[in-house]
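> Pasting a structure below so you can have a look.
The values are calculated or read from the model by the stated rules, or taken from the named source; none is laboratory data. None of these values were measured; they are calculated from a predicted model. All Cβ positions, even for glycine, are placed from backbone atoms using ideal geometry, and neighbour counts span all protein chains on display. Ligands, DNA and RNA are stripped out before the accessible areas are found, and what is left, the full protein with its side chains, is counted by its heavy atoms. Shrake-Rupley method; radii C 1.70, N 1.55, O 1.52, S 1.80 Å.
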Amino acid sequence: LQVKWKFSQHPQEVQRRCLPCMAASSQMAACSTGPPVARWAVALAAALLVGRAEGQAFGGLGDSGFNPFSNSEVQEQAPVTFGNAAATTAAATTAAPTAAPTSAPTPVAVAATSTGPPAVVVAPVASATVAPAATATEPPVAPVTAVAAAASPTEAPPQQVVSAGAASAAASGAAVAAVAVATTTIPAAQMGSSINGVFADNFALCATPDDTNTRRLSIQAITGFDPVEFTQEILVTIVIIVALFFICKFRKQIIILLTGDDRIHANILDFINWFWFRCCGLCSFDWTRHLTGCPCCPECIRSSNLMKAMGRALGVSARTIEISNIVVGDLPFYRHGTFYLTVECAANPPMTTALQEDKNPKTVHFPEIVTLRIRDSYLDSQVSIKVWQLNFVGASELCAVRLTPRNIFDWAYENNGNGSIRRFAMKTMDQELEVETPPWVSMEFSPPTLDERRLDHFHGNITNTVRMATWGTIDQKTQAPYQERDITAFKGDYTLIDGTGRHVNEPPEEDLKWINACRNVIVCIYSTVTFLVTFVVITYAIFRYYVHNCYIKYEAMTIAKSWQPHQFPMPTCALRSIEESCHEQLQGTGVEEGSHICRPTDEMVIDTCENPPQDRPRAFQYIADDLHIPAATAPCYLGVCKTNQYLRSFDKEALIAGSCLLIFALCCFRPLANHWLELYKSRLQKEHNRQSASTRPGGR
């Protein structure tokens with residue numbers, strides 16, 4: 001920051017006195033012994049060059065737009081080389097006069113390479129200002145001495161950084177360049193940074209910021225503040241919060257507007273039951289009733305669905321609790337009226353009792369036995385009991401109480417399952433009304449013992465039977481206060497009539513059984529065909545994408561073999577940078593295969609696939625890296641490139657075939673099956689009408 005400030009105070013003097021220092025080594029002494037502004041600029045320029053050569057950021061000084069190398073004459077010179085990679089870092093090399101510096105200048109080293117112009121690295125002399133001496137807390141430093149000579153880059157050790165001073169001498173009639181040797185100290189922790197930074201310098205996706213040299217708050221972040229954009233973001237955030245508040249507050253009205261109902265009849269427990277205990281709705285497991293129908297089974301699970309019984313034990317499936325002996329009293333209403341009671345549980349519709357007309361609000365009795373279907377779980381919704389007073393128009397909610405399902409189960413199974421009676425205080429809805437005593441409701445909770453037909457253990461879904469209560473009479477066949485009759489005999493005993501009592505024709509039960517069997521077969525075939533077609537199409541699409549993804553990896557590796565610079569093994573970021581660079585260069589150009597480095601032929605890719613220059617790539621590697629899930633990859637098998645070449649020739653046919661199969665399975669098969677079933681039902685109806693006409697008196 002101090003350097004920036006000095007540059008902003010004396011820009012003309014720095015440009016006049018310091019920029020020539022980078023082009024003429026003879027003036028380095030003048031710069032180093034000149035005004036403080038010049039010394040600061042020389043130190044900054046040298047440090048920036050060293051920072052660029054090592055592939056590091058210089059303390060975040062470049063983020064505010066300050067660039068001392070604004071002179072193109074100094075900026076576009078020889079590149080700095082790292083091993084076998086040339087980074088386009090600006091340096092300055094010019095002929096130097098014979099005058100020797102009077103003090104220790106900032107040295108300039110000219111290193112000849114075998115592949116291009118000389119590479120120049122400028123580094124500050126080790127001094128108290130530029131390079132402080134190592135302390136006990138700093139990493140060890142290693143002196144590095146390098147002679148700028150005509151040598152190839154590969155002859156130098158990979159961890160050397162050249163830092164030398166160049167002195168020139170002149171003779172009569174000819175100028176002879178001489179190379180001087182200088183020594184400086186570099187921390188050992190930074191010795192290999194130039195080689196490790198080669199991918200970061202040449203491939204954009206490999207560049208990562210240096211956390212130790214980045215500032216918490218940059219000048220660009222402060223100067224780039226846009227109050228209009230910030231105000232817009234604040235307003236959008238406020239609007240979203242207000243919208244969420246109103247959606248939550250008026251959710252019932254919104255649900256009624258969207259669905260016509262005031263609630264969604266499902267919760268998290270319904271989803272768990274549907275997913276785990278009904279196999280996503282594909283199986284009801286009613287066949288397990290045959291296993292539990294044996295007389296040796298316990299009474300609690302006899303003729304029960306085993307999966308439902310397991311769900312009840314885990315609190316996922318609903319169980320039955322009966323509420324009886326319902327009495328409410330001390331209602332906040334001061335004259336006779338008509339009252340009724342509603343009970344809401346889980347996500348089910350509310351249950352309503354019969355109206356109790358012209359009753360004293362001191363005590364109101366309800367004769368109903370209310371059956372609750374709740375779960376023995378803390379995740380289930382509370383049971384809401386409300387008392388309403390019916391008006392000439394509408395109704396008024398007087399009081400309410402909420403009970404947790406777990407407490408209801410505890411009360412129901414008290415006294416060895418005989419239930420218990422509880423009286424609960426209710427909350428008055430009209431807060432402005434002063435009441436002498438709180439309203440209350442009394443009720444008895446018990447297991448389903450009052451149901452004479454014992455429907456919790458009924459298996460009529462399998463046997464197509466009808467269970468009727470005998471009201472105290474023990475049936476000889478069932479040995480219970482109910483009787484079971486086949487649905488065909490039941491329909492024969494009780495004929496079908498309409499609301500006026502007139503007879504209504506209906507098809508025979510045998511035809512309905514046959515139609516139902518045909519429908520089940522069609523549903524089974526439709527489900528199987530849809531599953532197989534969808535599975536085959538999705539599996540082929542995933543395999544095709546896997547093969548293509550592996551081929552892309554080998555194609556990038558093939559391009560990297562001809563890329564300059566390149567060094568194997570290459571990291572994933574370098575290969576991705578090569579792919580993006582080729583995509584930007586050749587997008588929309590129509591370049592043919594083999595005519596450009598970015599368009600290798602299939603033979604070249606297959607050769608790389610069979611003889612890879614590094615470890616075999618893994619499919620979905622880029623996606624896994626972006627999601628930080630390294631395990632979500634699959635190895636590319638040997639011969640995947642040939643497989644891709646073979647499948648690519650059938651891509652159009654596979655796309656057409658897959659689309660046709662999906663359209664047939666999802667859009668055509670079901671309507672055709674329903675049409676065939678309707679035709680079959682019409683034929684049965686015609687035969688039934690013909691038989692009925694022949695049995696009538698005078699029929700032919």
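> For the pair E687/L390, report the inter-label distance in nm, with labels modelled 7 Å from Cα in the Cβ direction.
5.1 nm
> Output ³J(HN,Hα) for the range 438-449: one whole-Hz value per residue in order, computed from phi by the Karplus curve 6.51 cos²θ - 1.76 cosθ + 1.60 with θ = phi - 60°, and x for Gly and Pro.
Result, rounded to whole Hz: x, x, 9, 9, 10, 7, 10, 9, 7, x, x, 9.
> Where only protein heavy atoms count, and the probe is 1.4 Å, what is the accessible area per residue for the range 265-334 in Å²?
For the range 265-334, the per-residue accessible area is 53 Å².
> Additional query: Keeping every protein chain present and rolling a 1.4 Å probe, give me the accessible area per residue for the range 479-578 in Å².
Value for the range 479-578: 58 Å² per residue.
> If the cut-off is a Cα-Cα distance under 21 Å, which lysines reach K386, setting aside same-chain residues fewer than 8 apart in sequence?
Straight-line reach from K386, under 21 Å: K249, K252, K359, K362, K427.
> Going by average Cβ neighbours within 10 Å, how do the peptides 338-344, 373-379 rank, with the highest at the top?
Descending packing order for the listed peptides: 338-344, 373-379.
> Give the long-range amide H neighbours of S446: residues separated by 5 or more places, or on another chain, with amide H under 5 Å away, using H modelled in the peptide plane at 1.01 Å from N.
Amide H neighbours of S446, under 5 Å, 5+ apart: E322.
> Return the FRET efficiency for the residue pair I369, V523: r is the Cβ-Cβ distance, R0 is 51 Å, and the value is rounded to the nearest 0.05.
My answer for the efficiency is 0.85.
> For the peptides 655-661, 402-408, 686-692, what is the packing order when you average, over each peptide's residues, the other Cβ atoms within 10 Å and list the highest mean first?
402-408, 655-661, 686-692
> Roughly how many nanometres apart are two label points built 7 Å out from the Cα toward the Cβ at D430 and E506?
About 4.9 nm separates the two model spin labels.
> I would also like to ask the following. Give me, ordered by chain and number, the residues 5 or more places off I374 or on other chains with an amide H under 5 Å from its own placed amide H.
Those lying under 5 Å, H to H, from I374 are R319, I321.
> Also, I was wondering about something else. Along Cα→Cβ, 7 Å out, is where each label goes; now give me the distance between the ones at A347 and R485 in nm to one decimal.
3.9 nm
> Could you check how much of the accessible area of the range 389-510 is carbon and sulfur, as a whole percent, using a 1.4 Å probe?
Here it works out to 49 percent.
> Any chance you could run the full-extension gain for I247 through D498? It's 0.36 nm times the residue separation minus the Cα-Cα distance, nm to one decimal.
85.8 nm
> With a 1.4 Å probe and every protein chain kept in, tell me what percent of the accessible surface of the range 547-688 is carbon plus sulfur.
Of the solvent-accessible surface of the range 547-688, carbon and sulfur hold 59 percent.
> To the nearest 0.05, how large is the calculated FRET efficiency for T465 and A634 if R₀ is 41 Å and r is the Cβ-Cβ distance?
0.15
> So, R0 is 41 Å and r is the distance between the beta-carbons of R335 and F271; what FRET efficiency does that work out to, to 0.05?
Here the calculated transfer efficiency is 0.30.
> While we're looking at this one, here's another question. What is the set of long-range amide H partners of T363 at a cut-off below 5 Å, with H atoms built 1.01 Å from backbone N?
D330
> Something else now. Counting only protein heavy atoms, what percent of the accessible surface of the range 239-368 is carbon or sulfur at a 1.4 Å probe?
Its accessible area is 67 percent carbon and sulfur atoms.
> Leaving out same-chain residues fewer than 8 places away, which lysines sit with a Cα under 16 Å from that of K642?
Qualifying lysines at Cα under 16 Å: K553.
> Here's something else I'd like to know. Karplus couplings for the range 528-533 from phi (6.51 cos²θ - 1.76 cosθ + 1.60, θ = phi - 60°), rounded to Hz, Gly and Pro as x?
5, 5, 4, 5, 5, 5
> Continuing with the same structure: Multiply the residue gap between I623 and T449 by 0.36 nm, knock off their C-alpha separation, and tell me the result in nm, one decimal place.
Contour length minus Cα-Cα distance gives 56.7 nm.
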